[in-house]
Amino acid sequence: MTVLLAILSAACFGIGGVFMRRGILASNTYTGTLVNITVNSLVLLPFSIPHLISIRFPPAALLIFGSIGLFVPMVSRFFAVAGIRRIGVSRSQAVVATSPLFSTLLAIALLGERPTSLVLLGAVSIVAGLILLSQSRTGEQQWQKKDLIYPLGAGLLFAGRDVVAKVGLTQGVPPVLGGAVAATTSAVLLWTITGVFYRHGTLSCNRKSFWDLAASGLFWGLSYIFMFSALKTGEVAVVTPLVYASPLFSALLSMIFLKDIEIVTARVILGAVLVVLGGVGIALGR
């Protein structure tokens, strides 16, 4: 059951990316982020309620996840959506998956962790994957190397989230509750910003794109639910490698469902494989 839940988590993340890629065609990055995070929080909230009824941790610990919500998923999701819009879902999600490299660097700098040989090999693999992903060929979606800053920014913020969230989790906050608090904080902030600074054209989508964007939020929310459930029933060493395989699902699903708008090359697939292997190596080596 643990293996199945972890695979479902990776698959849902890939499916959500495909829906986002479709939905963003007739929308914009801000609208995509707003709809996605709103649905994301609505998916997570019901699963977090039981933990609020029987609190077994310092309530103040929730403030840690509220502070995380100021940046993740709000800003990180904006970067991730911008990356999908600019360089495609298969390449973008593979670049976002470099977050273990950033979390390792942050852990070394802030927490004094010492990297093992497996962690170092994982870092080299991720860098090699990034080099491949940063290259393009004639016939692919037109994009510039500077566009990689968006998924890289998302990966960096996810890494920062992991380091800060570790503090809250050690105080006994259930992961699904922490995720719900962060997502809800981001959703409330985004709607507040929308209400205060709304201008004509800020929100843009037709009916089909709205449902595609909502579906992306649903599947990304389910991805977290499956991941938390897998971690609850199984060992991290089993769950993590399977969850980190999500970029491979993104590439495969893009080849099947996005072949009319996105070209997935062998270079992208190899780059994604190297990033995934690097992420697994770092996760298992820490």
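If I filter segment 227-281 down to residues being of a type in the set (Phe, Trp, Tyr) and under 15 Å from the mean Cα position of the chain (by Cα), which single residue comes out as nearest to LEU105 (Cα to Cα)? Don't jump to the end; show me each part of the working.
Keep residues of segment 227-281 that are of a type in the set (Phe, Trp, Tyr), which gives 228, 244, 249, 257.
Next, only the ones that are under 15 Å from the mean Cα position of the chain (by Cα) stay: 228, 244, 249.
On the way: PHE228: 25, TYR244: 18, PHE249: 27 Å.
In this case the residue turns out to be TYR244.
Yes or no: segment 208-231 includes at least one residue that is in a helix (DSSP H, G or I) and either more than 30 Å from ILE269 (Cα to Cα) or in contact with a strand residue (DSSP E or B) (Cβ under 6 Å, 6 or more places away or on another chain) (or both).
no
Those residues that are over 27 Å from GLY17 (Cβ atoms) and part of a helix (DSSP H, G or I), I need them from segment 50-65; list them, please. Break it down stepwise before answering.
We begin by selecting, within segment 50-65, every residue over 27 Å from GLY17 (Cβ atoms); these are 50-64.
Matches in segment 50-65: PRO50, HIS51, LEU52, ILE53, PRO59, ALA60, ALA61, LEU62, LEU63, ILE64.
(1) in contact (Cβ under 8 Å) with a residue 40 or more places away in the chain; (2) surrounded by fewer than 22 Cβ atoms within 10 Å (Cβ to Cβ); (3) more than 18 Å from VAL75 (Cα to Cα); (4) among the small types (Gly, Ala, Ser): which one isn't true of GLY129, the others all being true?
Among (1) in contact (Cβ under 8 Å) with a residue 40 or more places away in the chain; (2) surrounded by fewer than 22 Cβ atoms within 10 Å (Cβ to Cβ); (3) more than 18 Å from VAL75 (Cα to Cα); (4) among the small types (Gly, Ala, Ser), GLY129 violates only (2).
I'm told ALA26 meets every condition in (1) in contact with a helix residue (DSSP H, G or I) (Cβ under 7 Å, 6 or more places away or on another chain); (2) farther than 23 Å from THR202 by Cβ except one. Can you identify the failing condition by its number?
In the conditions (1) in contact with a helix residue (DSSP H, G or I) (Cβ under 7 Å, 6 or more places away or on another chain); (2) farther than 23 Å from THR202 by Cβ, ALA26 misses (2) alone.
How many residues, within segment 87-118, are buried (at least 23 other Cβ atoms within 10 Å of the Cβ) and more than 30 Å from THR29 (Cβ to Cβ)?
Adding up the residues that qualify gives 0.
Assigned to a helix (DSSP H, G or I), without any contact (Cβ under 8 Å) to a residue 24 or more places away in the chain, under 27 Å from ALA61 (Cβ atoms) and not aliphatic (A, V, I, L, M), is that true of THR192? Full working, then the answer.
Working: assigned to a helix (DSSP H, G or I): yes; without any contact (Cβ under 8 Å) to a residue 24 or more places away in the chain: yes; under 27 Å from ALA61 (Cβ atoms): yes; not aliphatic (A, V, I, L, M): yes.
For THR192, the condition - assigned to a helix (DSSP H, G or I), without any contact (Cβ under 8 Å) to a residue 24 or more places away in the chain, under 27 Å from ALA61 (Cβ atoms) and not aliphatic (A, V, I, L, M) - is met.
Considering only residues of segment 29-62 that are more than 25 Å from PHE226 (Cβ to Cβ) and modelled with pLDDT under 95, which is surrounded by the most Cβ atoms within 10 Å (Cβ to Cβ)?
PRO58
Take segment 158-215 and flag every residue that is farther than 13 Å from ILE64 by Cβ and in contact with a Gly (Cβ under 6 Å, 6 or more places away or on another chain).
Residues satisfying the conditions are SER186, SER209, ASP212, LEU213.
Pairs under 7 Å by beta carbon, first residue in contact (Cβ under 8 Å) with a residue 60 or more places away in the chain in segment 102-126, partner surrounded by 15 or more Cβ atoms within 10 Å (Cβ to Cβ) and hydroxyl-bearing (Ser, Thr, Tyr), six or more apart or different chains?
Between residues of segment 102-126 that are in contact (Cβ under 8 Å) with a residue 60 or more places away in the chain and residues that are surrounded by 15 or more Cβ atoms within 10 Å (Cβ to Cβ) and hydroxyl-bearing (Ser, Thr, Tyr), the close pairs are PRO115/THR104; VAL119/THR104; ALA123/THR104; ILE126/THR98.
For every residue, the table says whether it meets (1) buried (at least 18 other Cβ atoms within 10 Å of the Cβ); (2) under 15 Å from the mean Cα position of the chain (by Cα); (3) within 22 Å of ILE108 (Cα to Cα); (4) without any contact (Cβ under 8 Å) to a residue 60 or more places away in the chain.
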{"site": "TRP143", "(1), (2), (3), (4)": "no, no, no, yes"}
{"site": "LYS146", "(1), (2), (3), (4)": "no, no, no, yes"}
{"site": "TYR150", "(1), (2), (3), (4)": "yes, yes, no, no"}
{"site": "ALA154", "(1), (2), (3), (4)": "yes, yes, yes, no"}
{"site": "PHE158", "(1), (2), (3), (4)": "yes, yes, yes, no"}
{"site": "ARG161", "(1), (2), (3), (4)": "yes, yes, yes, no"}
{"site": "GLY178", "(1), (2), (3), (4)": "yes, no, no, no"}
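Of the residues ALA272, ALA215, ALA245, which is among the hydrophobic types (A, V, I, L, M, F, W, C), buried (at least 16 other Cβ atoms within 10 Å of the Cβ) and farther than 22 Å from GLY129 by Cα?
Numbers: ALA272 fails: farther than 22 Å from GLY129 by Cα; ALA245 fails: farther than 22 Å from GLY129 by Cα.
Going through ALA272, ALA215, ALA245 in turn, just one is among the hydrophobic types (A, V, I, L, M, F, W, C), buried (at least 16 other Cβ atoms within 10 Å of the Cβ) and farther than 22 Å from GLY129 by Cα: ALA215.
The values are calculated or read from the model by the stated rules, or taken from the named source; none is laboratory data. Just so you know, these numbers come straight off a predicted model, no measurement behind them. Note: ideal-geometry Cβ built from the backbone for every residue, glycine included; neighbour counts use all protein chains shown.
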